[in-house]
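Comments concern the structure below.
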Amino acid sequence: MAIVINNTDKTYTLYTKNSMYQMKVDDLGTLIHNYYGEKMEYSDLHYYVECTEIPPFSPNPIACKKTKYPNYSYNHIGEEISFSGNGEFRLTAMSIRNADGTLGCEPKFVSARTEKGKYSLKGLPAFYGDEADTLVITLKDTIYDIYFHLYYGVFEEYDLITRSVVVENKEKNSIKLEKAMTLNLELPSGSYDMIYFRGRHMRERMFERARINHAQTSIESVRGASSHHENPFVIIADKNANEDFGNAYGIALVYSGNFKISAEKDQWEKTRVVAGINSENFNFEVESQGTFTCPEVAMVYSNEGFAKMSNCFHKAIRNNLCRGKFKNARRPILINNWEGTYFNFNADKLVAMAHEAKKMGVELFVMDDGWFGKRDNDCCALGDWTPNETKLQGTLMELSQRINNEGMKFGIWFEPECISEDSDLYRAHPDFAFQMPNRAPQISRQQLVLDFSRKEVVDNIYNQLVKVLDSANISYVKWDFNRHITDLYSVSLPSEKQGEVYHRYMLGLYDLLERITTKYPDILFESCSGGGGRFDCGMLYYMPQVWTSDNSDAIDRLKIQYGTSFAYPVSAMGAHVSTCPNHQNARVTPLKTRGNVAYFGTYGLELDVTKMTDEEKAEITRQIEEFKKYYELIQRGDYYRLLSPFTPEESLFCAWETVKPDGSEALVCTVRYESDAATAPEFVKVKGLVKNKWYRINGGEEKYLGASLMNIGFKVPYDFFTYPSRLFHITEA
Ligand code: DGJ
């Protein structure tokens, strides 16, 4: 029942557990978007978008004069996919430059078919699953042999609908895509906000909310990566929607490169959203008989606010986007040496750290940047993936064995997409790096970006990675990317095809990731881009966790992990306990607070454990045991944001919760991020419990009714020091 085709009404309706998405072929053969929102009994919902009024200054296709809609205009009807050049003046998804130089397209319905299971996209990441259903609707331009195949994937259980568009050129000559965005969504009448997650390095995914009005509201990246600065995920929500109330549409791009998500109200107050590849610096030729695939967009609709939407995304990302043996397995608790040593280490130092860490229960040792070429700082050697055997005091295999002998698995850092000018690879192949002829390139962190639009460049790096990964006992890889793309010019493409390079770079990267992750199914891969600069659904398809931020301060992490949690699950968020004063902001926080915050991520360590006091080591030992005890509940429970870290005027605490879906057990974490004198008692209201069941907190004597914990909450004591944190384990009495 996920896809219902009504041939009488010519409607195509997608149903999930709680949502409904309806399209219709109208009298002119246009595919119209009737509705997306709360699930209803079937009816043809065309009346909302049909063109009965006379929209001012909106041109009419001549064919409409003979129909019952003489005022029909593309500038008014709710198209399922919109094009520039055909009288549509609003936000459009597509711009097609035909071989004869004309701009414009009027695609009409050709056919529709359903498939069992979820479609996949060649060379691009996408949600997957046999339990999903696929609908493919094909449209064709009225004049040219250009086809548009609209793919929809329906995951009923998670209220998730995906969409992609494949453009197929059956003309004799090439066409140019000047804009190829995946999503075009008309919303039901009303006023909406766009909630987006902006930031910068070390301050990723800060929650912000803007009213969608007649001026366009957009977020985008033109950096060649999804970026720290904007995340390819938004929530379009009723202006009064909150965690538990109101319509909320989550929209996530399954793409890691340049993107744009825009929304606007049109002249008649209807809201449209478009999302996909950013058309700035994009111009893609589709050759005769060729195709172009737009990256996938995933949407979740919730009629009960943000929490429900987040939980659908969390489950779908965990189960139907992440792949490989680690997607649901308990990941090893790791220690990473970066903040402990930076570049200043040798094998003895690493083994000493591993030795101490093992005693506390750590399971995996990760050697970060600095192990290859002559890399003792960030000025050189990227591209030369040859172990520095002087620094490693032997071969990489020997080091991995020394770590294994300590009873630990061994992991390693790479930055495969970049190259230092001071490297053997650059000296041999300067053309491998993006740079323009006759112009000095922009240097960022002393490095350039490799031209992954070229297969021979990707192959070179693939072969180097394979050589390293085959040479030692490697169980984990951290895949970093520490600058953005400038000097976009590929020597392999003619000038008229340079507008393809950003997207071809992404295709090259995805190809490399697919090859490497398939070849090494037993390696756990963690994605990173100067922390959380590429925390998106695209990367999560290849690697189930992402280093959330280079900012490891527990208090700053409250906001970063809060923002990240709107789309992405706890299991994806790399989170480590680091030293104090914190290296990024000098803040001093209790070790327990640092641990509690890292629990709601992958939990690991990032400090020099050989310098810790016995008391600190005992605390880490306790934390590792506690984290393992709560692992299943934390990773697989339903996640609720209870108190925001952005509203100190409402509460001094930030609080969040994970609860078993049957409401039998919950874990609430509170962190006080402000101090105050004579504070009023603070109560935290829990979610997801069973109203008429009795519960205890941390095994205490007192019993609380589920309804009272949800309606009144429990009291959080005021601890008399800065940045305290507590865990409240709620179990059935
Ligand atoms: C940036 C990462 O986010 C850090 O964790 C570390 O791996 C450095 N790069 C190493 O250069």
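The values are calculated or read from the model by the stated rules, or taken from the named source; none is laboratory data. Since we're looking at a predicted model, the values are computed, not measured. Here Cβ is always computed from backbone atoms with ideal geometry, including for glycine, and neighbour counts include all displayed protein chains.
So here's what we get for this one:
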| item | result |
| --- | --- |
| Hits in the range 598-608 - residues which are in a strand (DSSP E or B) and either surrounded by fewer than 22 Cβ atoms within 10 Å (Cβ to Cβ) or of a type in the set (A, V, I, L, M) (or both) | L605 |
| Test: residue in the range 490-505 that is within 16 Å of the ligand (Cβ to nearest atom) and farther than 30 Å from G394 by Cβ | no |
| Residue within the range 200-207 that is crowded, with 23+ Cβ neighbours inside 10 Å and either within 22 Å of F306 (Cα to Cα) or modelled with pLDDT under 95 (or both) present | yes |
| Search result, residues across the range 541-580 that are in a helix (DSSP H, G or I) and more than 20 Å from F481 (Cβ to Cβ) | A554, I555, D556, R557, L558, K559, Q561, Y562, G563, V570, S571 |
| Subset of the range 116-127 that is free of Cβ contacts under 8 Å to residues at least 40 places away in the same chain and either among the small types (G, A, S) or under 17 Å from M23 (Cβ atoms) (or both) - its residue that is surrounded by the fewest Cβ atoms within 10 Å (Cβ to Cβ) | G117 |
| Every residue from the range 61-89 that is surrounded by fewer than 20 Cβ atoms within 10 Å (Cβ to Cβ), closer than 26 Å to P188 by Cβ and charged (D, E, K, R) | K68 |
| Of all residues in the range 541-562 being away from the ligand (no atom under 16 Å from the Cβ) and out of contact with any Ser or Thr (no Cβ under 8 Å at 6 or more places or on another chain), the one that is nearest to V466 (Cα to Cα) | Y541 |
| In the range 300-325, residue surrounded by the fewest Cβ atoms within 10 Å (Cβ to Cβ) [restricted to those that are outside any helix (DSSP H, G or I) and hydrophobic (A, V, I, L, M, F, W, C)] | C322 |
| Some residue of the range 343-355 being within 15 Å of V477 (Cα to Cα), within 16 Å of the ligand (Cβ to nearest atom) and either free of Cβ contacts under 8 Å to residues at least 40 places away in the same chain or surrounded by fewer than 22 Cβ atoms within 10 Å (Cβ to Cβ) (or both) | no |
| Among residues of the range 58-76, those that are assigned to a loop (DSSP other than H, G, I, E, B) and touching a residue at least 12 places away in the same chain (Cβ under 8 Å), counted | 13 |
| Residue count for the range 364-417, restricted to those that are under 24 Å from R331 (Cα atoms), touching a residue at least 60 places away in the same chain (Cβ under 8 Å) and within 15 Å of the ligand (Cβ to nearest atom) | 9 |
| Residue that is basic (K, R) and under 32 Å from the mean Cα position of the chain (by Cα), where the choices are R427, R402, R439, R445 | R445 |
| Enumeration of residues in the range 685-710 that are under 23 Å from R636 (Cα atoms) and basic (K, R) | K685, K687, K691, K693, R696 |
| Of residues in the range 512-537 being in contact (Cβ under 8 Å) with a residue 12 or more places away in the chain and among the polar types (S, T, N, Q), the one farthest from the ligand (Cβ to nearest atom) | T517 |
| Yes/no for M408 being assigned by TED's automatic domain parsing to the domain that holds A347 and in contact with a helix residue (DSSP H, G or I) (Cβ under 6 Å, 6 or more places away or on another chain) | yes |
| Failed item in (1) surrounded by 19 or more Cβ atoms within 10 Å (Cβ to Cβ); (2) part of a loop (DSSP other than H, G, I, E, B), with M40 passing the rest | (1) |
| Criterion (at pLDDT 95 or above and part of a loop (DSSP other than H, G, I, E, B)) met by exactly one of A112, A126 | A126 |
| Residue among S549, S529 that is within 17 Å of H229 (Cβ to Cβ), in contact with a helix residue (DSSP H, G or I) (Cβ under 6 Å, 6 or more places away or on another chain), crowded, with 23+ Cβ neighbours inside 10 Å and hydroxyl-bearing (S, T, Y) | S549 |
| Strands (runs of 3 or more DSSP E) within the range 245-299 that include 3 or more residues crowded, with 21+ Cβ neighbours inside 10 Å and either under 14 Å from the mean Cα position of the chain (by Cα) or among the hydrophobic types (A, V, I, L, M, F, W, C) (or both) | 248-253, 259-265, 271-277 |
| Hits in the range 77-104 (condition: free of Cβ contacts under 8 Å to residues at least 60 places away in the same chain and part of a strand (DSSP E or B)) | F83 |
| Residues of the range 603-637 classified as farther than 23 Å from P581 by Cβ, touching a Ser or Thr at 6+ places or on another chain (Cβ under 7 Å) and not small (G, A, S), total | 3 |
| Filtered residues of the range 313-334 (kept if modelled with pLDDT of 95 or more, over 14 Å from the mean Cα position of the chain (by Cα) and under 16 Å from V254 (Cβ atoms)) | N319, R323 |
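Residue-by-condition table, conditions (1) among the aromatic types (F, W, Y); (2) within 24 Å of R209 (Cβ to Cβ); (3) in contact with a helix residue (DSSP H, G or I) (Cβ under 9 Å, 6 or more places away or on another chain):
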site: P645; (1), (2), (3): no, yes, yes
site: W656; (1), (2), (3): yes, yes, yes
site: P661; (1), (2), (3): no, no, yes
site: V668; (1), (2), (3): no, no, no
site: Y673; (1), (2), (3): yes, yes, yes
site: K691; (1), (2), (3): no, no, yes
site: I712; (1), (2), (3): no, no, no
site: Y718; (1), (2), (3): yes, no, no
site: Y723; (1), (2), (3): yes, no, yes
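To keep it simple, each residue is scored yes or no on (1) outside any helix (DSSP H, G or I); (2) within 14 Å of the ligand (Cβ to nearest atom); (3) under 20 Å from Y673 (Cβ atoms); (4) not assigned by TED's automatic domain parsing to the domain that holds H355.
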{"site": "M539", "(1), (2), (3), (4)": "no, yes, no, no"}
{"site": "N585", "(1), (2), (3), (4)": "yes, no, yes, yes"}
{"site": "N596", "(1), (2), (3), (4)": "no, no, yes, yes"}
{"site": "T610", "(1), (2), (3), (4)": "no, no, no, yes"}
